[in-house]
1. Can you work out which of the residues in segment 27-45 that are in a strand (DSSP E or B) and of a type outside the set (Phe, Trp, Tyr) is farthest from the chain's Cα centre (by Cα)?
2. Would you mind telling me which numbered condition in (1) surrounded by 10 or more Cβ atoms within 10 Å (Cβ to Cβ); (2) modelled with pLDDT under 80 residue 22 fails?
3. Only one of these conditions is not met by residue 43: (1) among the basic types (Lys, Arg); (2) at pLDDT 85 or above; (3) in contact with a strand residue (DSSP E or B) (Cβ under 9 Å, 6 or more places away or on another chain). Which number is it?
4. If residue 3 meets every condition in (1) over 14 Å from the mean Cα position of the chain (by Cα); (2) at pLDDT 75 or above; (3) among the basic types (Lys, Arg) apart from one, which number is that one?
5. Anything in segment 52-79 that is farther than 12 Å from residue 33 by Cβ, touching a residue at least 12 places away in the same chain (Cβ under 8 Å) and open to solvent by 70 Å² or more (accessible area, probe 1.4 Å)? List them, or say none.
Amino acid sequence: IRRGEAIIPLGVASAEAPRVQPQPRPLVFGMAGRINRGKGFHRPLQILAESGKEFQLLIAGSPKTSDDETFFSELKNLV
């Protein structure tokens, strides 16, 4: 901490207050753009699936060429 800066605690634990454990939430990850093989839309799916953690992946985009359509089908099969 540099001079003049301070840490302000967000709260003080009380002996009477019950401690609440945060509930685990799934990781939410998003990608956007034209769906084609070069953008690597499949990589996050592979990596997140290998992690074993719950996740939600949102993809916004659409294929344009016939190769993009093929990749889009592969992507859906991967899901």
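The values are calculated or read from the model by the stated rules, or taken from the named source; none is laboratory data. Bear in mind the structure is a predicted one, so any value in this text is a computation, not a measurement. Every residue, glycine among them, receives a Cβ derived from its backbone with ideal geometry; neighbour counts consider all protein chains shown. What goes into the accessible areas is simple: the full protein's heavy atoms, side chains included, and nothing from ligands, DNA or RNA. Shrake-Rupley method; radii C 1.70, N 1.55, O 1.52, S 1.80 Å.
1. Filtering segment 27-45 for residues that are in a strand (DSSP E or B) and of a type outside the set (Phe, Trp, Tyr), the one farthest from the chain's Cα centre (by Cα) comes out as 32.
2. Failed condition: (1).
3. (3)
4. The failed condition is (2).
5. 53, 54, 56, 58, 67, 74, 78, 79
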